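The values are calculated or read from the model by the stated rules, or taken from the named source; none is laboratory data. No experiment lies behind these values; they were computed from the predicted model shown. A quick note on method: Cβ atoms are made from the backbone with ideal geometry, for glycine too, and the neighbour counts reach across all protein chains shown. The area values use the complete protein model at the heavy-atom level, side chains included, leaving out ligands, DNA and RNA. Shrake-Rupley method; radii C 1.70, N 1.55, O 1.52, S 1.80 Å.
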Amino acid sequence: MQIEYTPIEGCFIIHDTFFGDSRGYFFESFNRNTFLEKTGVAIDFVQDNQSQSGKGVLRGLHFQHGEFAQAKLVRVLSGTVLDVAVDLRKDSPTYGQHAIVELSAENGLQFYIPPGFAHGFVSLEEDTLFFYKCTNYYSPSHEETLLWNDSILGIDWKCVSPLVSAKDEIGKFFDTFVSPF
């Protein structure tokens, strides 16, 4: 496991070691002790989630706050996504900025997003399977959504007309949003 730090403190990309031969490959997708040793982050995941999306489906920008704030470790099982984390930590020098990474089954990268971030992704291929581990349980009453195409955030989703849920269409504008972090 190798760690690649992003310009946003706390977010990092994980490069795993794959062992392959004529039968296919093997890799250890998560080991708590190795994660702690390499990152200094002691973590306990309590919920795994998986979604399937067609090309051009955009999900986000979501986050949970209060006692249900979540860290996430995300990866793609098949297909490709453009994954985005927006810093919502008021005292952070990168408040309002975002880290962006392309995750695919082919590149095998994982992306760690700590609590205090909004998260979203857009599927760049049909039948993309997105998998993520969470440090807290889903709580609808603690969830909020930022508007994915807010010009203040300036995220280049590399997708002209994404398919977005009704909830994501009415996310909050960043300049009227009061961060709970």
* Kirkwood hydrodynamic radius of segment 109-181 from all distinct Cα pairs, in Å? -> 14.4
* To do: Would you pull out the residues with amide H under 5 Å of F117's amide H, same chain only if 5 or more places away, H placed 1.01 Å from N?
  => L88
* To do: Using just the alpha carbons, could you tell me how many Å³ per residue the convex hull of segment 17-102 encloses?
  => 159
* To do: Send over a whole-number figure in Å² for the accessible area per residue of the chain, probe 1.4 Å.
  => 51
* Asked: trypsin sites (Lys or Arg not before Pro) within segment 1-64: which are DSSP loop residues with at most 16 other Cβ atoms inside 10 Å?
  -> R23, K55
* Asked: 222 nm [θ] for the chain, helices only, -39500 (n - 2.57) per DSSP H run of 4+, per residue, to 500?
  -> -1500 deg cm²/dmol
* Structure fact -> Across the chain, qualifying lysine pairs (alpha carbons under 27 Å, at least 8 places apart or different chains) come out at 21
* Structure fact -> Net charge (Lys, Arg +1; Asp, Glu -1) of residues whose beta-carbon lies under 14 Å from that of C159, C159 excluded, is -3
* Structure fact -> On the accessible surface of the chain, probed at 1.4 Å with all protein chains in place, carbon and sulfur together account for a percent value of 51
* Asked: If you plug each phi of segment 34-46 into the Karplus form 6.51 cos²θ - 1.76 cosθ + 1.60 with θ = phi - 60°, what whole-Hz ³J(HN,Hα) values come out, in order, with x for Gly and Pro?
  -> 5, 4, 4, 4, 7, 10, x, 9, 7, 9, 10, 7, 10
* To do: Of all alpha-carbon pairs in the chain, indicate the percentage at a distance above 27 angstrom.
  => 23
* To do: Starting at the first residue of segment 103-112, write each ³J(HN,Hα) from the Karplus equation 6.51 cos²θ - 1.76 cosθ + 1.60 with θ = phi - 60°, in whole Hz, x for Gly and Pro.
  => 10, 8, 4, 5, 7, x, 6, 10, 10, 9
* **Per-residue HN-Hα couplings for segment 149-159 [Karplus 6.51, -1.76, 1.60; θ = phi - 60°; Hz; x = Gly/Pro]** => 10, 4, 5, 5, 6, x, 7, 8, 6, 6, 8
* Relative contact order for the chain using alpha-carbon pairs under 8 Å, separation at least 6, rounded to a whole percent? -> 29
